[in-house]
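Below: the structure, in structure tokens.
The values are calculated or read from the model by the stated rules, or taken from the named source; none is laboratory data. Everything numeric here is computed off the predicted structure, so don't read it as measured data. A quick note on method: Cβ atoms are made from the backbone with ideal geometry, for glycine too, and the neighbour counts reach across all protein chains shown. These area figures cover heavy atoms from the full protein model, side chains too; ligands, DNA and RNA do not enter into them. Shrake-Rupley method; radii C 1.70, N 1.55, O 1.52, S 1.80 Å.
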There are 2 protein chains.
Amino acid sequence: MAITVVGSVAYDSIETPAGRRERCLGGAATHFSLAASFFTEVRVIAVVGEDFGPKQEAVFHARKIDTRGIEREVGKSFFWKGSYLDNLNEAKTHQTDLNVFAAFEPKIPEVYRDSEFLFLANIDPVLQRRVREAMPDVKLVAGDTMNYWIKDHRAALLEVLKGLDILLINDTETRMLAGNSNIVQAARAVMAMGPSSLVVKHGEYGATLFHRATPKGGSAERSFKVPALPLEEVVDPTGAGDSFAGGFFGYLASQPEQTPDVYRRAMFYGSVMGSFAVERFGTERIAELSRKEIDDRFMQFRELTHLD
Amino acid sequence: MAITVVGSVAYDSIETPAGRRERCLGGAATHFSLAASFFTEVRVIAVVGEDFGPKQEAVFHARKIDTRGIEREVGKSFFWKGSYLDNLNEAKTHQTDLNVFAAFEPKIPEVYRDSEFLFLANIDPVLQRRVREAMPDVKLVAGDTMNYWIKDHRAALLEVLKGLDILLINDTETRMLAGNSNIVQAARAVMAMGPSSLVVKHGEYGATLFHRATPKGGSAERSFKVPALPLEEVVDPTGAGDSFAGGFFGYLASQPEQTPDVYRRAMFYGSVMGSFAVERFGTERIAELSRKEIDDRFMQFRELTHLD
């Protein structure tokens, strides 16, 4: 079933211990939709400037991603410049130019309206909420956010959380949002804000899935852990979290029912896509990936974690 | 089959966000042997002072641990005072009194000589090596160390590593020992120093087992990951790593053959014992544990990680 994703399509200039790239295609919606496209139909809502041309569009079309919701405005696309020279787990931001993104007003194309799955990538919670409200009939809504919105736009963010089924954030964001340093207690507090499932991403240590305990469901929340793949070289961590989200939500959307077993497999596919994303700069690795490579790596994750 | 362990038996004064305890029974050999005792016969080599009495000895004897190798000397036992107020993952040391431990000369009782498994807990590598050389016929040797020995006693430590089958250390220690920040490359470098297996402990993120690739065994090292249990309250992290080692090595020693599958299960038992250790202060939780609780938690770890 189709996913509509709203978020940024951008250019990134990145420096890591493995090298540097100037203005490669990036943005949360880009990384998410490329990863999700291996599992299901994906439709993007974003805004770009005049610097977004046929070459960039071809990256989406090669993966059969619907780009009719990507608006073209006069000016330049969102631009981010960052480095990971000291710490591969945390980007140092050198420059952020919102450009056409500053006036982004997401519009939902009519042809997107029958999407049953909605992903709200990390953008202003005011916009996330607007898109959520414009698509009231979707079956499942997932979203992402970041420390900036948690700290300085809490009220707007709390409104978004009420409309989410699944939130995907990292450890620090979970603790910050809950105001609690214990991750189990923090996860419970975050789920009380709305989402019935929470995926906490741990960078090189993988991710944990928490489900809210139902009133009938006993005392303890169920949880599930997936590691990250031990990699000999992390070329570029940019987009790893969005690729995880794309693999996770893409797999969920590809299944007729979202059972607990499907969520577990979705966590594996999330970590699989995250592990590919970091192997090369920007979208380079995922854009040329094959389904067979994904399945092989899924089995590698199974080997890495299963007793037999 | 029996394990001989050499290491510290000590008193710890501990402060954590959950409270404080004065002079509770601790030390690496204590935590290790209690955890391992649920799986196999354990024999301790250590030194204590006149403050080690029948009450402390009873903790070992209740778990049928052989204490004939614990020497009594005039003076006081090793004493450590630390806190975890800001960070449960890293102790802040306030006081270390070596006391009788300063002149520790490990002696191996004749009745220990048929032990087939040897664990060298974190002590001066000069002593670790001496014990290793005094027991040349053991089947499997594992050991631990810490940043202090890695930084300032590297030559002695490298001699110890040559005689180890398995080394258990944390991420920071692995990177420091290898001089490499990538954990896969660092693990390979450490295994080239001697041990054919390396367990890298990640604190709240679990642990990774690396095996050295054999010349015939293809290009990539095999690895296996076990998470830590998400816990609502960590009362006292002291001894978690030693309890992990006790569960891991105790299970290995309990099995007729140490196959790759047995190593995987051993990783689970290590994380199980670590998860219990932190639930109460010092040895309180492990000392009163039942085998049924261990098996139940093993199944909980399976649930937490397995697709089906």
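What to note about this one:
- Residues (within 20 Å of residue B:231 (Cα to Cα), open to solvent by 50 Å² or more (accessible area, probe 1.4 Å) and not small (Gly, Ala, Ser)) located in the range B:187-204: B:204
- Check on residue B:39, touching a Lys or Arg at 6+ places or on another chain (Cβ under 8 Å), farther than 30 Å from residue A:180 by Cα and aromatic (Phe, Trp, Tyr): no
- Flag if residue A:58 is free of Cβ contacts under 8 Å to residues at least 12 places away in the same chain and over 18 Å from the mean Cα position of the chain (by Cα): yes
- Every condition in (1) at the interface with another protein chain (Cβ under 9 Å from one of its Cβ atoms); (2) surrounded by fewer than 24 Cβ atoms within 10 Å (Cβ to Cβ) is met by residue B:171 except one, and the failing one is (1).
- Filtered by the rule that a residue be hydroxyl-bearing (Ser, Thr, Tyr), touching a residue at least 24 places away in the same chain (Cβ under 8 Å) and within 24 Å of residue A:157 (Cα to Cα), the range A:69-123 gives a lone residue, A:115.
- Those helices (runs of 4 or more DSSP H) of the range B:216-308 in which at least 2 residues are within 20 Å of residue B:201 (Cα to Cα), considering only elements entirely within it, cover B:240-254, B:260-277, B:291-305.
- Residue B:177 meets each of the listed conditions (1) open to solvent by 30 Å² or more (accessible area, probe 1.4 Å); (2) out of contact with any Phe, Trp or Tyr (no Cβ under 9 Å at 6 or more places or on another chain) apart from (1).
- Yes/no for residue A:198 being within 14 Å of another protein chain (Cβ to nearest Cβ), touching a strand residue (DSSP E or B) at 6+ places or on another chain (Cβ under 9 Å) and modelled with pLDDT of 95 or more: yes
- If the condition is being touching a residue at least 12 places away in the same chain (Cβ under 8 Å) and assigned to a helix (DSSP H, G or I), then the range B:124-149 contributes B:125, B:126, B:127, B:128, B:129, B:130, B:131, B:132, B:133, B:134, B:147, B:149.
- Selection status of residue B:37, among the small types (Gly, Ala, Ser) and over 15 Å from the mean Cα position of the chain (by Cα): no
- When the range B:252-264 is filtered for residues that are open to solvent by 20 Å² or more (accessible area, probe 1.4 Å) and more than 11 Å from chain A (Cβ to nearest Cβ), the ones remaining, listed by number, are B:254, B:255, B:256, B:257, B:258, B:259.
- Residue, farthest from the other protein chains (Cβ to nearest Cβ), within the range A:278-308, restricted to residues that are at pLDDT 95 or above and in contact with an Asp or Glu (Cβ under 8 Å, 6 or more places away or on another chain): A:282
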